[in-house]
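What follows is a single structure, written as structure tokens, with notes after it.
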Amino acid sequence: MEKQLKVSAIKDGTVLDHIPSDQVFRVIDILGLDNIPNQITFGINLESKLLGKKGIIKISDRYFESADINRIALVAPMAKINIIHDFEVVEKRVLNVPGTINGIVKCMNPICITNHQPVETLFTTLDSQPNVRLLCHYCEKITDKDNLKIISNRR
Amino acid sequence: MPKHLISIHDYSREEILDTLKLAKEFEKNPSRPIFKGKVIASIFFEPSTRTRLSFETAANRLGARVIGFSDAGNTSVTKGESLKDTIKMVSNYADLIVMRHPLEGSARYASEVSSVPVINAGDGANQHPTQTMLDLYSILKTQGKLENLKINIVGDLKYGRTVHSLIQAMSHFSPSFTFISPDELRLPQEYRDFLTTHSITFNESKNLNQGVNEADIIYMTRVQKERFSDPIDYERVKNVYSLNRSMLTSCKENMKILHPLPRVNEIDTDVDNSEHAYYFNQAENGVYTRMAIISALLGVTEL
Ligand SMILES: [Zn+2]
């Protein structure tokens, strides 16, 4: 059977595969993809053996530092990162939750300074597997997976 | 030494001991106007008379001038000025800032935007490190050492920030703890994990008499009514966790009772005249420890 690509192939760049469908726009936001001039194609609700439905994002002529790309691990822990050169996958990367996370996550403590003043959040990752636990640099309280809220990346 | 005092865990064991040593010097002679010409800002975004007076006494005994406010009510803060802007302004005027603020993490943030040292005088229920330092000073002074002490901590172990900070600070000195509280106010899992990680022995009990005769220190805390959804539960707990003189007949001679004050009825007034009562002296020690903290942050670590 002919395997057909639902999202057209790119010549050079980065493919972010196996993103949960409902997290595609968050990934775009976290990586600031809506603010770059590169050609971007994406698909949502594609069939996936792994996730049931998945999302995929392809960014032409753009490569990411591990520290940057790892920022999406919080919303798309199963994502596969493929580096493409001349239509070939030349490198596959897996994601790791970074040791420190700035921005992206909201502190779950309602009386934390970061929820009342324009202060960027900053967390130390206490646990990343199986459940994320983040320690707030400011209020020293823990935000866990069940209370993880993503905030926009715009500064 | 660190540039600021925001959380007790910013200070190492040695830095804690150095601060306590300096406090002892100030206690010998509290009138030390070594900071004439310096200005200390005391900015209290929520009122706390006890803490503010202690800090301002310390600043005055050091010869510094004090500026500031005791309540955010009449300041530009109520007009919506951000904490950052307030701190930027105040750090232009003062050589050191003492700050109390209801939002947790506010002191850490202030230290990051301030050009002068910041002392956290309480940020919500998070940290109150100068209280912890005076607790340590009181323990050292009454026991002659900090190492290998048996410490009972009683009352609100769940929300009590003084309890959590004291546990963190004492972890440098191999204590053994007995935690006494009702189930609703039990020490949170994260602190039990912390103690286990640091190989510190502890046991937990609901019985106020547990370990009283072996304790070197009994640290009492206030049980607050608002922690209970059912007022009847509060009444029950309040009456059970009240220390009185008859409980102290077989305790160790050196045993002292501490309480961060104000108390409600955790300690019966019949204890006040006992040689074991130390809570009123404890408050006085706050001035010396705050003098030491201010001095060290302004660069004077020896007298
Ligand atoms: Zn926080």
*Entries of B:38/B:256; B:84/B:225; B:3/B:84 with Cα pairs more than 28 Å apart*: B:38/B:256; B:84/B:225
*Near residue B:139, within a Cβ-to-Cβ distance under 11 Å, what is the net charge of the other residues, with Lys and Arg +1 and Asp and Glu -1?*
0
*Determine the shape class of the stretch B:185-231: with a ≥ b ≥ c the square roots of the Cα gyration tensor eigenvalues, call it rounded for a/c under 1.5, and otherwise prolate if a/b is greater than b/c, oblate otherwise.*
oblate
*Exactly which GluC sites (Glu not before Pro) in the stretch B:117-210 are in a DSSP loop and have at most 12 other Cβ atoms within 10 Å?*
B:147
*asked:* Let me check the size of the stretch A:100-150 from its C-alpha atoms; what are the radius of gyration and Dmax in Å?
replied: 9.9, 32
*asked:* Using only the alpha-carbon atoms, how far is helix B:129-143 inclined from the longest principal axis of chain B? Give it as 0 to 90 degrees, nearest 10.
replied: 50
_Distribution of pairwise C-alpha distances over the stretch B:218-303, 5 Å bins, in %_ = 3, 12, 19, 17, 13, 12, 10, 7, 5, 2, 0
_Rg/Rg_globular for the stretch B:27-156, with Rg_globular taken as 2.2 N^0.38 Å and Rg from C-alpha atoms_ = 1.17
*Using only Cα positions of the protein assembly as shown, each an equal point scatterer, no hydration layer, compute I(q)/I(0) via Debye at q = 0.07, 0.09, 0.13 Å⁻¹ and quote the log10 values to two decimals.*
-0.47, -0.71, -1.15
_Inter-chain Cβ neighbour average for residues A:116-123, partner chain, 10 Å_ = 4
*Given a cut-off of 19 Å, name the pairs among B:141/B:252; A:6/A:53; A:54/A:149; B:21/B:141; A:53/A:92; B:24/B:145 whose C-alpha atoms lie farther apart than that in the structure shown.*
A:54/A:149; A:53/A:92
*May I ask for the angle, rounded to the nearest 10°, between helix B:49-61 and the longest principal axis of chain B, with both axes built from Cα atoms and the value confined to 0 to 90°?*
50
_Sequence ranges B:39-45, A:64-70, B:96-102, ranked by mean other-Cβ count within 10 angstrom, highest first_ = B:96-102, B:39-45, A:64-70
*Convex hull volume of the Cα atoms in the stretch B:133-219, per residue, in Å³?*
80
*Could you list the residues of the stretch B:215-229 with an amide nitrogen less than 11 Å from a label point located 7 Å from the Cα of residue B:245 in the Cα-to-C-beta direction?*
none
_How shielded is A:131-142 by partner chains, expressed as the average number of their Cβ atoms within 10 Å of its Cβ atoms?_
4
*Enter the per residue convex hull volume of the stretch B:147-297, computed from alpha-carbon coordinates, in Å³ rounded to the nearest integer.*
126
*Going by alpha carbons, how many degrees (0 to 90, nearest 10) lie between the helix axis of B:83-93 and the longest principal axis of chain B?*
60
*asked:* If you take each beta carbon of peptide B:96-107 and count the beta carbons of other chains within 10 angstrom, what is the mean?
replied: 5
_Residue-averaged [θ]222 nm for the protein assembly as shown, counting only DSSP H segments that reach four residues, each worth -39500 (n - 2.57)_ = -8000 deg cm²/dmol
*What per residue convex hull volume, in Å³, do the alpha-carbon atoms of chain B yield?*
133
*Which FRET efficiency, nearest 0.05, do residue A:63 and residue B:198 yield, Cβ-Cβ r, R0 45 Å?*
0.55
*Exposure proxy ranking, count of Cβ atoms within 10 Å, fewest first, for B:289, B:86*: B:86, B:289
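The numbers here are math on the coordinates, done by the rules we state, and not lab data. Predicted model, so just to flag it, every value in this text is computed and none were measured. We place every Cβ from the backbone using ideal geometry, glycine too, and count neighbours over all the protein chains shown.
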